[in-house]
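I have placed the structure first, in the form of structure tokens, so that the comments after it can refer back to it.
Read-outs throughout are calculated quantities, based only on the coordinates presented, and are distinct from any laboratory measurement. Predicted, not measured: the structure shown is a model, and the values here were computed from it. Here Cβ is always computed from backbone atoms with ideal geometry, including for glycine, and neighbour counts include all displayed protein chains.
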Amino acid sequence: MARALELFRPVAALVPSVRRADRAVPFGQRVLYTGMSVSVLLVCSHLPLYGVRYSPTGADPLYWVRTLLASNRGTLMELGVAPVVTAGTLMQLLTASKLLGRADPADRELLDAARKALAMAIAAGEAAAHVLLGMYGGVGAISGALIVLQLFSASLVVIFLDDLLDKGYGLRGASAISLLGATNTCGKVVWQVFSPVTVNAGRGPEFEGLALAVVHHAVVRADKARALLATLLRRHLPNMMSLLGTCVVLLAAVFLEGFRVLLPLRSRDARGRRATFPIKLLYNSTMPIVLHSAAVSALYMVSQLLHYSRYGGSVLARLLGTWREASYAAVPVGGLAYYVTPPSDVAADPLHAVTYAALLLTSCALLSQAWAAASGSSARDVARQLADQRLAMPGTRDAAIHSQLSRYIPMAAALGGLCVGALTILADITGAIGSGTGILLAATAVYNLVDNFQSRRE
């Protein structure tokens, strides 16, 4: 075990932890735990922070990262899953690079404690940064400390629930990260379809929700056909194109999640024992677009910091991005930040659309292959794991399994990244409700939950 991991041993006993289930938890209890976790996360996502006084209608400096982090502005889920995701990614990379040992069960428990301790430290740092950088306006020392305590406590809840679901008490494939992202995206879809809020976009008062707007115009307007067509194709409010785009991306993501190749395996010890190893088309699931979105979010933050500093006119600042203030957030209008942002109108700037699509597809393909190597799921790693389990492919020598896996896994990783990128582009261009990243995360979470129920029924 690496010496660096020993540094976390004194704090391991202080970190909140759930004992791993020593036997199979009944399916009904796992459904109950998962449902309770979703309920707690939903409450935290809508419970406002106490002591915060600011206008929620102003520009949001973190607008571009809210979907990725499952964050809701001004609520207990202001930090979202950022501390858990950041800590988990760092520990994954450190483990894959052999800087941390993971030789026996005791080391795995210590590694898990180190991940949670790192997530708690990141949560405390981010909460303090939100207050010190003026995210909530001018607050006193006591109010600032209270806000930090609320944000840190909410992050502890996320860490605990993620640990609970990961230790065998939740449905397979369910985690606090995926559940929070899925509930946020699904909540946005439901709200955009059934929102009772009325707005006036120049055609008189109308409902924000598409379904209510269609019913209202069908009853009130005299020229019903024209009114319905205008409602379905309206701009700046949810319309039929955005709803259809959302449904198409969801269905396509679910279909691709189930597409896989099954490699037959045989046991080298037990004669007659057969097994299969599935290689999914989306080999790394939605991880490529998550990594891409994280990189783009970091670019946005650095670019905005430079743009609004005294170095805003420098060549580097203009190269990274120039920004314009909008009602909801600062919007990139030039530089690299502009070309990695989804185009609002493809016909108005086709160069922007082509560049955005090329950068996104290339990034997702490369990141998918890199993550397969870093996460221990490359062809060499899988071959080693199968050899440890005394499994081999029928009719081949034991050494041939690596060459067979090398034919499928790198190609699946690259094609999976391209498919995820293409679905994201489709969602962004059609104006799908939420973002492409959020829809893909929700589709993956829902697919895993449905797969659990189908496996149980079979």
Mean Cα-pair separation over length for the chain, i.e. relative contact order, pairs under 8 Å, 6 or more apart, %: 19
Modelled FRET efficiency - R0 35 Å, Leu351 with Leu133, Cβ distances, 0.05 increments: 0.50
Difference of contour (0.36 nm per residue) and Cα-Cα distance, Phe453 to Val302: 50.0 nm
Span-like helix ranges in the chain, DSSP H, alpha carbon extent 27 angstrom or more, Kyte mean at least 0.0: 27-46, 105-132, 141-164, 287-307, 350-374, 400-429, 436-457
Positive dipole terminus of the chain, leading residue within Val40, Val382, Gly335 (C-beta point charges): Val382
Stretchable slack from Ser375 to Val215, in nm (0.36 nm times residue separation minus alpha-carbon distance): 52.6 nm
Computed lengthening from Leu319 to Ala230, 0.36 nm per intervening residue step minus Cα-Cα distance: 28.0 nm
